[in-house]
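Here the structure is laid out as structure tokens; the discussion comes afterwards.
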């Protein structure tokens, strides 16, 4: 798979209907990493020589209806990407009422609704999604592991914690930020 032959979805310019609701591998990229100052110590690989790869994931249920909705319109409770971005913004305020209702679920929480809305707007304005369609789940799992290992996207924690990782130091900081919530 060539990273420079992927399809793209720009939440600012594209209608959501053009994003396929198929299985695939996706890369979420940040247009300008200066828009999130804590990313300054992270190291990036690029798509098309311009967009910094922030996160790699796989869609087993559908890019549009599951993955885009969870990450770009969801909550920190269902999106590790949102949880990490909120931590990088320094947000520590969680919705205690919603958390108390679900506290049996370890590390599952919501940011306050105004912060979730702010994050949704920020993501639409600053992130772009690149994707490659693939129906075979085994192939998807292998591709995700390969690209996380090869690229070391700074927001991916799972499968990206080995000491030789390009972003090992940054990921340690991110993990600590993600555990410092007032719950």
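Read-outs: derived from the displayed coordinates by stated rules, not from any lab. Every value quoted in this text rests on a predicted model; they were computed, and no experiment measured them. Positions of Cβ are backbone-derived with ideal geometry, glycine not excepted, and every protein chain shown enters the neighbour counts.
Helix 168-179 and the longest principal axis of the Cα set of the chain meet at an angle near 40°.
Ignoring everything except DSSP H segments at least 4 long, calculate the 222 nm mean residue ellipticity for the chain; use -39,500 (n - 2.57) per segment, divide by total residues, nearest 500.
Values: 6 runs with 62 residues, N = 183.
Theoretical 222 nm ellipticity from helices: -10000 deg cm²/dmol.
Listed peptides 9-17, 64-72 appear in the order 64-72, 9-17 once ranked by packing, highest mean of other Cβ atoms within 10 Å at the front.
Over the chain, what is the mean sequence separation of C-alpha contacts under 8 Å (at least six apart), divided by residue count, expressed as relative contact order in percent?
Details: 287 pairs, mean separation 57.3, N = 183.
Result for the chain is 31 percent.
The angle between the Cα long axis of helix 113-126 and the main principal axis of the chain comes to about 20°, on a 0 to 90 degree scale. Label positions at residue 161 and residue 139, each projected 7 Å from the Cα along the C-beta direction, are separated by 3.1 nm. Tilt of helix 137-151 relative to the longest C-alpha principal axis of the chain, in degrees (0 to 90, nearest 10)? Orientation of helix 137-151: about 80 degrees from the principal axis.
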